[in-house]
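Q: Mind having a look at this structure? Questions to follow.
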Amino acid sequence: MTAIAPSLSKILPETALTPWDELSPDWQQRIAPAIAPGQTPQYLIQPETEEQLAQVIRQAHAGDRNVLICGNGSKLGWGDAAERIDWVISTARLNRLIENAAGDLTLTVEAGTTLEQIQTVLEPHNLFLALDPAYPKTATIGGIIATADAGSLRHRYGGVRDLLLGIQFVRADGEIAKAGGRVVKNVAGYDLMKLFTGGYGTLGLLTQVTLRTYPIPEAFRTVLLTGEKAALEKMSLAIAQSSLSPISQDWLSSELMQSTAQGDTTALALRFGNVEASVVEQSEEVRLLGQKLGLGLSVLVGKPEEGFWADVSDRLCQRTSPIDDSETVLCKFGVMPTASEATVQLIKELSSETKVRVNGGSGLGMLRGMAADWDGEAVGRLRSHCQSHKGFLTVLEAPAGLKQQLDVWGYSGNALPVMQRIKEQFDPKKTLNPGRFVVG
Amino acid sequence: MVVAVNPAANQAQEFDWDAIARAFEQALGKDRVVRRREELLVYECDGLTSYRQRPNLAVLPRTTGEVSTAIKLCNQWNVPFVARGSGTGLSGGALPTENSVLIVTARMKQILDVDLDNHRVTVQPGVINSWVTQAVSGAGFYYSPDPSSQIICSVGGNVAENSGGVHCMKYGVTTNHVLGLKMVLPDGSIVDVGGSVQEMPGYDLTGIFVGSEGTLGIATEITLRILKSADTIRVLLADFETVEAAGAAVTGIVGAGVIPAAMEMMDNMSINAVEDVAKTDCYPRDAAAILLVELDGRESEVSVNCDRVAQICKEHGARNVTSASDPQERATLWKGRKAAFAAMGQLSPDYYVQDGVIPRTQLPWVLEEIANLGKQHGYYVANVFHAGDGNLHPLILYDNAVPGALEKVEALGGDILKLCVKAGGSISGEHGIGADKRCYMPQMFSEADLETMQQVRSAINPKGLANPTKIFPTPKTCGEAANAAKSLNIKPIDGVEQF
Ligand SMILES: Cc1cc2nc3c(=O)[nH]c(=O)nc-3n(C[C@H](O)[C@H](O)[C@H](O)COP(=O)(O)OP(=O)(O)OC[C@H]3O[C@@H](n4cnc5c(N)ncnc54)[C@H](O)[C@@H]3O)c2cc1C
């Protein structure tokens, strides 16, 4: 259908440029939910160097081409569908390790590096990147940052924003710029890292990032607590008032627990990662506390422990029903931490088949439910519950029909004009991920 | 050179200060406005006394609404404004600019909300850092970022500078503990960013406001995360025959998977200064360096890690390792470290503190290079620093009475910053850029980098009224030689240690 644009072929190797028609069905499928129904982009462009990427963006800027930005496309379904996309640009081939400064606990990589690659580099040094986001096998670090996607480990290590020390990026006009640095402490200049974290690629294309790494804890142990709602809530408060230092502290819904074959009721899951003696001592204290409150308790160690947390993440990431392949929704939400359990309950009332994980420390959670259960009304009810607990609800993945009915982001604050002015400054022509994010 | 967006400040404009003052008095009440020259004197500098400029007017609002009214008036009269907390900043951030109104948060001192169950506290910006911990310590909580000025600096100032402290190695700096802000923007409008719950959809505006040094508006309510106090705290003191050995021990400790709450190093010159002056009898005078390591957490982890750290220090050649758990004994081990800056003040008529960051593995050669630079410039440089996160505070000893000394010291300080950048680090770890270091920004950032940061400023502060001329280099501020007759002393504050 399309002849290769001569200008693009001049700056890119042939393998970096694929017309839509020649794209693998798999890529086409990943891209489709990010684009308004019925539209198709011209190319998928996969530059191999930062300079190539910058040149492509310069051309896009000059020619008013709209670009959809991705890494491996694992989360292209998140956000609104974009309008009039000309080119899809993937940073997946920018995947070089720049520097693993093990002694400094920092890592610099190109943005297309997958989390899995990063962990493989770090593991021999007994280090890891303290993130357990969605789609950990395919997700690139650039995409993880752009979606601010952190999982259970946030309880001890914080969100993506707390781990990102420096960025280099291609701006909407094709210029290369950077902010932050490669050191763990740095207050020079504005903290643009924060704007790019969770900015959904609307301010620029990340090319290189520096992250804080952590030593892998010597030992892990997970305690799963189940029982009466009131007793569980008491337990959760007792933990918040104690000096126990779990690395994860999640409320997991019965449906999610069932899918991991570790029970069939709502559980409070505490993961300890520390020196062996402390992991043992802390789990023992939890056991005694749990006993006093009459809670059921099981302790996981070794492979089953690791497997359990991988399962939790996998189940939340399962895009279609394992039973009949039917469609699902994925939402991210937040509430005040003390409202976490009540939120799990409400979700259960709205749809008993929904899998839910809420971090008890931050009140941030994810739910995966059947699309049939989560219509506009159910989403609306849950959203107003979250907002009444000072939080929010964002619909990440959902059938196009549902997304069209709703405001998927659910931003309820008064700072939208400020966000729009920032977008206007960074990308005045609105060529980067147009229409995908809160700012339009 | 990138030119700062600064239309207001660049205009050679005549201001009718009498009329402006009357307008402020009318809108806010006389008791909120300071206009007498003598009374304005206290506001002419912050902790970096080398820069002085008297504001034309100072206002002391009590509420968000009053801050908004004040800023709207500034817009009406097209006068720049500068926010000021406690004025302890060390980079001239709160330094009034020519023809400006100073908005002082000193009367905004209310703790608005304490929610222990959710680990959140909301305060007005004039609340003093240590009050937050005082408000929650009874229940076993504390506010973690602990600049050594914490008994006097304001939370608003901490937010604006993204301040650090001794304990930020394990727990992070201010930005990691701020959940949300109420901001009065440079046009006087009020917005709420972030909140009690993190990761609201949209850009992380909280993240961009923290550390923006008052150039994007004034924070009038701040929601902070508090932490549970540790059960056990233990401090280890180790002394080494070479700086390399101490540096290698730091790397060894981190490499063994231990993240101490704090890890501080002092070199031979600082040790001797402290022993001469404070006579703590803690630190051996012949040691090339001492290392202080504080571990906290549950007893079960602290005891294991403490043994490990001691072992690692010995493996790296530590001659002695002492440890203490008892609060009094811990204080003794810390005493010399805390007395270090004061000791310098007694050793030398004047001293200048630099603030730079390097990757911590580069410590040994950077320290050697700093000593060489000192020799080249003809000054002693003592080193006291946060070794855990590579945040150096080289202290240059000099005598301001010697003509020209100051310029030389400034040049040496600048060379040290360039060295930090060369080592892969930063020109500021915690004191900020302000008026002091803006001319060094191009060392670290390209024109495109600075231009991109300026886009944020243009978006939020388009008229350039909020704290103009700070952070970014301008031809006016960096083009010519620094103004003469400066003294680089830091104002001593009773009861406040310097780190
Ligand atoms: C003895 C001593 C020790 C110190 N130790 C440390 C240390 O260990 N670690 C460290 O990081 N710093 C340290 N500092 C530096 C200083 O204390 C910190 O930068 C502190 O956060 C400044 O707070 P302040 O209230 O004094 O702010 P000010 O000096 O009044 O202002 C600082 C900046 O914040 C802006 N500002 C103030 N309030 C607001 C507001 N509400 N909204 C927006 N902007 C605002 C001002 O415009 C200015 O740019 C030390 C200073 C001294 C004098």
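Q: Taking into account only those residues within segment B:82-100 that are closer than 18 Å to B:A160 by Cα and more than 9 Å from the ligand (Cβ to nearest atom), which is farthest from the other protein chains (Cβ to nearest Cβ)?
A: Just the residues of segment B:82-100 that are closer than 18 Å to B:A160 by Cα, to begin with: B:82-97.
Subsequent filtering for residues that are more than 9 Å from the ligand (Cβ to nearest atom) retains B:96-97.
Values: B:P96: 22, B:T97: 19 Å.
Among those residues, the one meeting the criterion is B:P96.
Q: Can you confirm whether segment A:144-162 contains a residue that is closer than 14 Å to B:I208 by Cα and either modelled with pLDDT of 95 or more or in a loop (DSSP other than H, G, I, E, B) (or both)?
A: Looking only at segment A:144-162, we keep the residues that are closer than 14 Å to B:I208 by Cα, and these are A:161-162.
Within this subset, residues satisfying the condition of being either modelled with pLDDT of 95 or more or in a loop (DSSP other than H, G, I, E, B) (or both) are A:161-162.
Yes, because at least one residue in segment A:144-162 is closer than 14 Å to B:I208 by Cα and either modelled with pLDDT of 95 or more or in a loop (DSSP other than H, G, I, E, B) (or both).
Q: Say whether the condition of being within 14 Å of chain A (Cβ to nearest Cβ), within 12 Å of the ligand (Cβ to nearest atom) and not in a helix (DSSP H, G or I) is met by at least one residue in segment B:64-71.
A: Of the residues in segment B:64-71, the ones within 14 Å of chain A (Cβ to nearest Cβ) are B:64, B:68.
Restricting the remaining residues to those that are within 12 Å of the ligand (Cβ to nearest atom) gives B:64.
Okay, now just the ones that are also not in a helix (DSSP H, G or I), so none.
No.
Q: Which of (1) in contact (Cβ under 8 Å) with a residue 40 or more places away in the chain; (2) of a type outside the set (S, T, Y); (3) out of contact with any Phe, Trp or Tyr (no Cβ under 6 Å at 6 or more places or on another chain); (4) not in a strand (DSSP E or B) does A:Q404 not meet, given it meets every other one?
A: Exception for A:Q404: condition (1).
Q: The conditions are (1) crowded, with 24+ Cβ neighbours inside 10 Å; (2) more than 10 Å from chain A (Cβ to nearest Cβ); (3) over 15 Å from the mean Cα position of the chain (by Cα), and B:P403 fails exactly one of them. Which is it?
A: Answer for B:P403: the failing condition is (1).
Q: Only one residue in B:D204, B:D192 is within 30 Å of A:I422 (Cα to Cα), surrounded by 24 or more Cβ atoms within 10 Å (Cβ to Cβ), of a type in the set (D, E) and within 9 Å of another protein chain (Cβ to nearest Cβ). Which one? Can you show your working first?
A: Numbers: B:D192 fails: surrounded by 24 or more Cβ atoms within 10 Å (Cβ to Cβ).
After ruling out the rest, the residue left standing is B:D204.
Q: Can you tell me which condition B:D281 does not meet? The list is (1) in contact (Cβ under 8 Å) with a residue 40 or more places away in the chain; (2) farther than 30 Å from B:G92 by Cα, and all the others hold.
A: With respect to (1) in contact (Cβ under 8 Å) with a residue 40 or more places away in the chain; (2) farther than 30 Å from B:G92 by Cα, B:D281 is out only on (1).
Q: Filtering segment A:342-401 down to residues that are more than 14 Å from chain B (Cβ to nearest Cβ) and hydroxyl-bearing (S, T, Y), which residue is nearest to A:R319 (Cα to Cα)?
A: It comes out as A:T354.
Q: Output yes when any residue across segment B:209-223 is surrounded by 24 or more Cβ atoms within 10 Å (Cβ to Cβ), within 13 Å of another protein chain (Cβ to nearest Cβ) and away from the ligand (no atom under 16 Å from the Cβ), and no when none is.
A: no
Q: Exactly one of these conditions fails for A:Q52: (1) of a type in the set (S, T, N, Q); (2) more than 30 Å from A:W309 (Cβ to Cβ); (3) touching a Ser or Thr at 6+ places or on another chain (Cβ under 9 Å). Give me its number.
A: Answer for A:Q52: the failing condition is (3).
Q: How about segment B:161-174: which of its residues are more than 6 Å from the ligand (Cβ to nearest atom), within 11 Å of the chain's Cα centre (by Cα) and not β-branched (V, I, T)? Break it down stepwise before answering.
A: Taking segment B:161-174 as the starting set, the residues that turn out to be more than 6 Å from the ligand (Cβ to nearest atom) are B:162, B:166-174.
With within 11 Å of the chain's Cα centre (by Cα) added as a condition, the list becomes B:162, B:173-174.
Listed by number, the list holds a single entry, B:N162.
Q: Go through B:N158, B:N129 for me and flag whichever is among the polar types (S, T, N, Q), touching a helix residue (DSSP H, G or I) at 6+ places or on another chain (Cβ under 8 Å), near the ligand (Cβ under 9 Å from one of its atoms) and within 16 Å of B:L216 (Cα to Cα).
A: Numbers: B:N129 fails: within 16 Å of B:L216 (Cα to Cα).
So the residue among B:N158, B:N129 that is among the polar types (S, T, N, Q), touching a helix residue (DSSP H, G or I) at 6+ places or on another chain (Cβ under 8 Å), near the ligand (Cβ under 9 Å from one of its atoms) and within 16 Å of B:L216 (Cα to Cα) is B:N158.
Q: May I pose another question? For segment B:294-303, check the following and say yes or no: at least one residue is outside any helix (DSSP H, G or I), touching a residue at least 24 places away in the same chain (Cβ under 8 Å) and of a type in the set (K, R).
A: Yes, some residue in segment B:294-303 is outside any helix (DSSP H, G or I), touching a residue at least 24 places away in the same chain (Cβ under 8 Å) and of a type in the set (K, R).
Q: Of everything in segment B:414-438, what is facing chain A (nearest Cβ under 7 Å) and over 16 Å from the mean Cα position of the chain (by Cα)? Give them in sequence order. Write out each step before concluding.
A: Keep residues of segment B:414-438 that are facing chain A (nearest Cβ under 7 Å), which gives B:424-430, B:432-433.
Hits for segment B:414-438 are B:G424, B:G425.
Q: OK, next. Suppose we keep only residues that are in contact with a Gly (Cβ under 8 Å, 6 or more places away or on another chain) and of a type in the set (D, E, K, R) within segment B:434-456. Which one would you say is surrounded by the fewest Cβ atoms within 10 Å (Cβ to Cβ)?
A: Selected residue: B:D449.
Q: Only one of (1) part of a loop (DSSP other than H, G, I, E, B); (2) buried (at least 24 other Cβ atoms within 10 Å of the Cβ); (3) of a type in the set (K, R) is not met by A:K429, so which one is it?
A: With (1) part of a loop (DSSP other than H, G, I, E, B); (2) buried (at least 24 other Cβ atoms within 10 Å of the Cβ); (3) of a type in the set (K, R) applied to A:K429, the lone miss is (2).
Q: Looking only at segment B:171-185, count how many residues are within 11 Å of another protein chain (Cβ to nearest Cβ) and farther than 15 Å from B:V127 by Cα.
A: Total meeting the criteria: 10.
Q: Select the strands (runs of 3 or more DSSP E) contained entirely in segment A:178-290, then report the ones holding at least 3 residues which are within 11 Å of chain B (Cβ to nearest Cβ). I'd like the intermediate steps shown before the answer.
A: Values: elements: A:205-212, A:219-226, A:248-252, A:267-274.
Here the list reads A:267-274.
Q: Here's a check for you: in segment B:297-339, which residue that is of a type in the set (V, I, T), surrounded by fewer than 21 Cβ atoms within 10 Å (Cβ to Cβ) and more than 30 Å from the chain's Cα centre (by Cα) is farthest from B:G247 (Cα to Cα)?
A: Step one: filter segment B:297-339 for residues of a type in the set (V, I, T), giving B:302, B:304, B:309, B:312, B:321-322, B:332.
Still in the list and also surrounded by fewer than 21 Cβ atoms within 10 Å (Cβ to Cβ): B:304, B:321-322, B:332.
Now drop any that are not more than 30 Å from the chain's Cα centre (by Cα), which leaves B:304, B:321-322.
On the way: B:V304: 22, B:V321: 15, B:T322: 18 Å.
Once the filter is applied, the top-ranked residue is B:V304.
The values are calculated or read from the model by the stated rules, or taken from the named source; none is laboratory data. Since this is a predicted model, take the numbers as computed values, not measurements. Note that we place each Cβ from the backbone using ideal geometry, even for glycine, and neighbour counts take in every protein chain shown.
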